[in-house]
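K.L.:
Pasting in a structure now, in structure tokens, and then I'll have a few things to ask.
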Amino acid sequence: MICREVTEFLIEYEAGSLDPAVLSEFERHLGRCADCRIFIVQYQETIKAGRQACAEQHADAKTEIPEELLRAIMVAIGKVERT
Amino acid sequence: MAERGRVESTAADEQELARGLRAGDPEAFENIVRTFGGRLLAVTRRILHDEEDARDAVQEAFISAFKARKQLQAEARVSTWLHRIAVNAALMKLRSKRRKTEVAIDELMPQFRDDGQHYVEPLVSWVEPADVAVGRKETADFVREAISKLPDSYRMVLLMRDIEGRDTEETARELGVTPNAVKIRLHRARMALRQLIAPEMQKRAS
């Protein structure tokens, strides 16, 4: 297996759905290729970074919607409904 | 039924609100706006750092949600669904505000020498784990801005799969594409995002 193929098989590797024979080749490649090991770690870290940057838990649950914004939204929805 | 100004909701409350929403009941929709509007405003403020833009994004998100209400799956939580729609509305606004165009996805894929055996540029490790780096506001902003640059069809899949936690089949149904297309787009979106955030993550490492 070559580096390009590692990046192609990576999504199935992450999902745990690689065919056992391919998995064995994949892991053998990782054993000898530092670049691919770094690439996989960064791929996994990217998923975490995206998830955390957009995470729901950071939103302040105590915030209330200003009444004028709520009214503006309901007016806009009314227009959408009529069209 | 949700009470005025109420901010917490149970799964049962959400199911009731979702039923009203799917039925196009204006009272149910107003309850949804009251229940989740404040939380969504906090999300868009965090992404946009501008009160007027944040409010516009919330309004756009609710209009999108209302138009797409029939796509809300019976088993999905309204709060998570709205969260993703609001994040997307804010990212779109961020992209237009900065006058940035979306990036060409092919240019962000890993590049190899002709034999496919070696990366064109050697890879440099990121020393800090993502949760530490993204714990800093400027890095979190950098990552969100990078997501906003992804082409729409890739960004939507990334948001639904990685941010909203939907499965491949659900994402495919909602976007009207095959599950295989969802898998391919997700993989390419993640690789493109890796490439976009690498300079920031390497800068922290030095």
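Every number here is computed from the coordinates shown, using simple stated rules; none is lab data. Source: prediction; values computed, not measured. Here the Cβ is made from the backbone with ideal geometry for all residues, glycine too, and neighbour counts use every protein chain on show.
K.L.:
Could you check the spin-label model distance between B:Val177 and A:Glu5? Points 7 Å from the Cα along Cα→Cβ, value in nm.
P.N.:
Once both label points are built, they end up 2.7 nm from each other.
K.L.:
Using a Förster radius of 22 Å, what is the FRET efficiency between A:Arg37 and A:Ser17 based on their Cβ-Cβ separation? Nearest 0.05, please. Display every interim value, and only then the final one.
P.N.:
On the way: r = 21 Å, r/R0 = 0.93.
Once rounded, the FRET efficiency stands at 0.60.
K.L.:
If each residue's Cβ is checked for other Cβ atoms within 10 Å, how do B:Val58, B:Val78, B:Val177 rank with the fewest at the top? Before the final figure, lay out each step's value.
P.N.:
Details: B:Val58 31, B:Val78 23, B:Val177 16.
Lowest count first: B:Val177, B:Val78, B:Val58.
K.L.:
Helix B:11-22 versus the longest principal axis of chain B: what is the Cα-based angle in degrees, 0 to 90, to the nearest 10?
P.N.:
That helix lies at roughly 80 degrees to the long axis.
K.L.:
Under the rule of -39500 (n - 2.57) per DSSP H run of 4 or more residues, summed and divided by the residues of the protein assembly as shown, what mean residue ellipticity at 222 nm is obtained, to the nearest 500 deg cm²/dmol?
P.N.:
Numbers: 13 runs with 193 residues, N = 289.
Rounded to the nearest 500, the figure is -22000 deg cm²/dmol.
K.L.:
How far, in degrees from 0 to 90, does helix A:20-32 lean away from the longest principal axis of the Cα atoms of chain A, to the nearest 10?
P.N.:
80
K.L.:
Suppose we look only past 23 Å in the calculated P(r) of chain B. What percent of the Cα-Cα pairs does that tail hold? Could you put the intermediate results ahead of the total?
P.N.:
Numbers: 10886 of 21115 pairs.
Result: 52 percent of Cα pairs exceed 23 Å.
K.L.:
At a Förster radius of 45 Å, what calculated FRET efficiency corresponds to the Cβ-Cβ distance of B:Gln15 and B:His118, to the nearest 0.05? Before the final figure, lay out each step's value.
P.N.:
Working: r = 53 Å, r/R0 = 1.18.
The formula returns an efficiency of 0.25 here.
K.L.:
Right, another one. By how many degrees, 0 to 90 and rounded to 10, does the Cα axis of helix A:34-53 deviate from the longest principal axis of chain A?
P.N.:
10
K.L.:
Over the Cα atoms of the protein assembly as shown, what radius of gyration and what Dmax do you get, in Å?
P.N.:
Rg then Dmax for the protein assembly as shown, in Å: 20.6, 64.
K.L.:
Once you measure Cβ to Cβ distances between cysteines in chain A, which Cys have no partner under 4.7 Å?
P.N.:
Lacking a cysteine Cβ partner under 4.7 Å: A:Cys3, A:Cys54.
K.L.:
When you look at the Cβ of every residue in A:65-77, what mean number of other chain Cβ atoms sits within 10 Å? Present the calculation step by step, with values, prior to reporting the outcome.
P.N.:
Details: counts 14, 6, 2, 1, 10, 8, 2, 5, 12, 5, 1, 5, 11.
What the average comes to for A:65-77 is 6.
K.L.:
With 25 Å as the limit, write out which pairs from B:Lys149/B:Lys203; A:Lys62/B:Lys97; B:Lys93/B:Lys203 have Cα-Cα distances beyond it, or answer none. Write out the running numbers ahead of the final one.
P.N.:
On the way: B:Lys149/B:Lys203 20 Å; A:Lys62/B:Lys97 28 Å; B:Lys93/B:Lys203 27 Å.
The answer is A:Lys62/B:Lys97; B:Lys93/B:Lys203.
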